[in-house]
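The values are calculated or read from the model by the stated rules, or taken from the named source; none is laboratory data. Keep in mind it's a predicted model, so treat the numbers as computed, not measured. Reconstructed Cβ throughout: ideal geometry from the backbone, glycine too, with neighbour counts over all protein chains shown. Heavy atoms of the whole protein, side chains included, go into the accessibility calculation; ligands, DNA and RNA do not. Shrake-Rupley method; radii C 1.70, N 1.55, O 1.52, S 1.80 Å.
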Amino acid sequence: MRDGKPAEAGAEPSPERFTVETRRPAGTDTDVLVLRGELDRDTAAPLRAALEERAGEGRIIVDCSGLGFCDSSGLNTLLRARLRIVEAGGRLDLVGLRPPVDRAFEITGVRAVFRTYETLSEALAEGGHDGLGGQWSQGGQRGHGGRDGHEGGGSHGREL
């Protein structure tokens, strides 16, 4: 729904509603997907495509600081991508969750599945692999780690 009018099924979203920009910070093997706008059923396709292109390529950080809205379709897009990426040995982290998006992630329990960081700098400072037998570290985590064996619990970056 936009401006009180329902969106037409299959209609192309206007470009200003949602964008995905891909960056690779110098000296890293991490892709950063910068999201801006409203992530919903009508706008999720570009994010889905960007995540599918990078599945299994190591670490992906999704920067949500420019995201003003995210519905269940957006949450499902991120959750499904995370499963594929983790199964391929990669990692998907989130950065910059802001209200009301952060609230949606929290009340649905989705935030507990992802490592979340306040800033991109914090996420990049952690790096990727921590050398603990294939486990990823959790330093800098604001939320909780995943429950899939590729990430530790809430042990603040140390495997117990």
Segment 52-68 - residue that is more than 13 Å from residue 78 (Cβ to Cβ) and at pLDDT 95 or above and, of those, surrounded by the most Cβ atoms within 10 Å (Cβ to Cβ): 59
Can you confirm whether residue 89 is of a type outside the set (Ser, Thr, Tyr) and modelled with pLDDT under 95? yes
Determine, yes or no, whether residue 49 is more than 19 Å from residue 108 (Cα to Cα) and crowded, with 16+ Cβ neighbours inside 10 Å. no
Restricting attention to segment 92-119, the residues that are farther than 24 Å from residue 58 by Cα and either in contact with a helix residue (DSSP H, G or I) (Cβ under 7 Å, 6 or more places away or on another chain) or touching a residue at least 24 places away in the same chain (Cβ under 8 Å) (or both) number exactly 5
List the number of the failed condition for residue 121; all other conditions in (1) touching an Asp or Glu at 6+ places or on another chain (Cβ under 8 Å); (2) open to solvent by 60 Å² or more (accessible area, probe 1.4 Å) hold. (1)
